Every structure is written in structure tokens, then in C-alpha cells.
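Report on the following structure.
Each value in this text was obtained by applying a stated rule to the coordinates, not by laboratory testing. This structure is a prediction, so every number in the text was calculated from the model and none was measured. For neighbour counting, all protein chains shown are included, and Cβ atoms are generated from backbone atoms with ideal geometry for every residue, glycine included.
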Amino acid sequence: MPKGYSRPQTLIDKPWHFCPGCNHGIIHRLCAEVIDEMGLQNQTIGVGSVGCGVFSYEYFNFDGIGPSHGRAPAVATGVKRVLPDRLVFTYQGDGDLAAIGTTEMVHSAVRGENITIIFVNNTLYGMTGGQMAPTTLMGQVTTTTPGGRSRNQAGYPFRVCEMLATMEGAAYIARGAVYNPAQVVKTKKAIKKAFATQMAGLGFSLVEVLSACPTNWGMNPIQALKFVEENMVPVFPLGEFKVTPIEAGV
Ligand SMILES: Cc1ncc(C[n+]2csc(CCOP(=O)(O)OP(=O)(O)O)c2C)c(N)n1
């Protein structure tokens with residue numbers, strides 16, 4: 001099989017349940033490739049979320065925990081404190097992380113917990129039918145903002161990376177996307193840096209990944225990738241927001 005097309009050892013061999021054009025599968029794969037490359041499969045503990053990524057433990061070939069909605073960073077904190085040599089990461093959507101789970105996310109960064117959050121931002125609550133999330137764009141139509149998100153009714157989109165980058169406890173904060181191969185490669189590098197940051201004991205890390213939701217956006221997969229590039233990126237700029245140098249590794 002050509003290089004790049006084989007399944008990472010860290011992914012179980014089973015078909016995805018995700019909708020056509022959903023980016024969760026790509027993001028799962030990037031996490032798995034990085035864990036393979038870092039040789040951490042037997043040392044990793046994943047903490048899932050409630051949302052479309054809820055079945056991450058069905059796909060990742062390592063131990064996983066399914067916490068209640070939004071509580072993943074608190075659960076990851078406990079696991080990492082008890083087992084500090086493990087790679088412990090959460091995998092959360094924007095509803096899970098930036099709405100019901102805001103407290104856990106913010107305070108794990110404030111405390112500088114040595115965990116990593118993979119934050120999948122698709123601008124809405126995918127699993128429950130496309131309701132507005134804190135990351136919904138201005139004017140964006142969702143099932144709970146049928147006239148488009150308005151300032152008076154729902155305020156402004158929540159920029160998680162920009163906020164966390166101000167915190168002393170945060171060691172590595174980056175935002176990537178997977179709408180084309182170049183962005184996939186960059187996002188993989190960011191995930192690797194985040195995991196390496198944790199394994200070097202430098203503190204809290206988070207990688208946000210802008211993600212397409214063709215089903216709830218009412219688009220085909222190609223249109224949805226364009227929407228990420230043309231509509232999400234201007235609001236959620238890509239790049240590294242905080243970097244703590246790692247002496248060895250990536
Ligand atoms: C305590 C609690 N409140 C509400 C819900 C309903 N619920 C399930 S998933 C979800 C939102 C998921 O959205 P997001 O985190 O953005 O992930 P996505 O499905 O878009 O990947 C909600 C509100 C729940 N399961 N538990």
C-alpha cells in the first residue's frame with residue numbers, strides 16, 4: 001500500500017459513522033497518525049465528549065473515557081494527575097467545549113493542566129440538529145437562529161484560541177483547518193507540537209480545528225469546505241497563538 005494510505009495503528013479498522021463530507025474522520029486520523037509517529041499508542045488515554053465526536057473511543061485504538069457533556073477537561077485533569085506519564089487528550093466540539101463546558105476548558109488552562117484539547121469547531125451543535133453554538137458566525141442561519149445570528153439576540157462568535165493565549169498556564173495554542181491538503185499538513189504539525197508540549201511537561205495545550213458540517217449547513221461537501229475557507233477563516237484566523245519552545249522532539 002502506498003505511503004500515506006495505510007491505516008494508522010492507532011485507528012481501529014472500522015467504517016466511520018460520520019455524515020459524508022464531515023471532517024471529524026480527518027481529524028481523528030491526524031491524531032492517530034501523530035500518536036503512531038510519536039510511539040505513544042500504549043501510553044495514550046483519550047477523553048471523549050458529547051456531540052458527533054462521541055464515538056471517538058470506538059475508533060481510537062487506545063483507552064478512552066466518555067465523560068458527561070462539557071466535562072472532558074475536568075476528567076482529563078484527574079487522569080493526567082494520577083498518570084502523569086501518559087498522553088491525555090480530550091476531543092471536543094464547540095458546543096461541548098465553548099458552551100456547556102466553558103468553565104472546565106477555561107480553568108484547566110488557567111491552572112496550566114498538562115493536558116491537550118483537540119477542539120473541533122464546526123460553528124454549531126451538529127449531533128442535535130444544528131442549533132446555534134457560541135462559535136456560530138454573525139448572520140449564520142441555524143435551527144435556533146432561522147433569521148441568522150444577530151448581535152442583539154446572541155452576541156458575537158467566541159474566539160477560544162485568542163482568549164486562551166492570554167493565559168500564563170497555556171503553553172501551546174493553535175488553530176488549523178482541513179479544507180485542503182496544505183492545511184491538513186499544517187494542522188497535523190500543530191497536533192504534534194501540542195502533544196510534544198504535553199509530553200515535555202510544559203503545560204496546557206489546545207489545537208482548534210475548523211471543521212465542515214455539510215449536513216447541518218445544508219451544503220454539499222465541496223461547498224462546505226469552501227464555506228470553511230471563505231467564511232470561517234476570516235472570523236477564526238489560522239495559526240499559532242502561543243508557543244512554548246520544546247528543546248527536543250518536533
Ligand atoms: C447535559 C446535556 N445537555 C445537553 C445535551 C444534548 N446535546 C448532545 S450533543 C450536544 C451539542 C454537541 O455539539 P458540539 O459539541 O458542537 O459537537 P458536534 O456534534 O457539532 O460535533 C448537545 C447540546 C446532552 N447530551 N447533555
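Annotations
- Trypsin sites (Lys or Arg not before Pro) lying in DSSP loop within region 1-72, provided at most 11 other Cβ fall within 10 Å: Lys3
- Summary of packing: across the peptides 74-86, 104-116, the per-residue average of other C-beta atoms within 10 Å ranks them, highest first, as 104-116, 74-86.
- Only the Cβ atoms of Lys and Arg (+1) and of Asp and Glu (-1) were treated as charged; on that basis the dipole of the chain about its Cα centre amounts to roughly 200 debye.
- Taking the C-alpha atoms of the chain, convex hull volume expressed per residue in Å³: 118 Å³
- Listed peptides 124-133, 204-213 by packing density, highest first (mean Cβ within 10 Å): 204-213, 124-133
- In degrees, nearest ten, helix 24-38 long axis to first principal axis of the chain (Cα): 20 degrees
- In this calculation the C-beta distance from His107 to Ser68 is compared with R0 = 22 Å, giving a FRET efficiency of 0.85.
- Förster radius 45 Å - calculated FRET efficiency between Trp16 and Asn152 (Cβ-Cβ, nearest 0.05): 0.70
- Segment Thr166-Val243, extension gain: residue separation times 0.36 nm, minus the distance between their alpha carbons: 26.6 nm
- Cα centroid separation, region 187-201 to region 144-164 (Å): 29 Å
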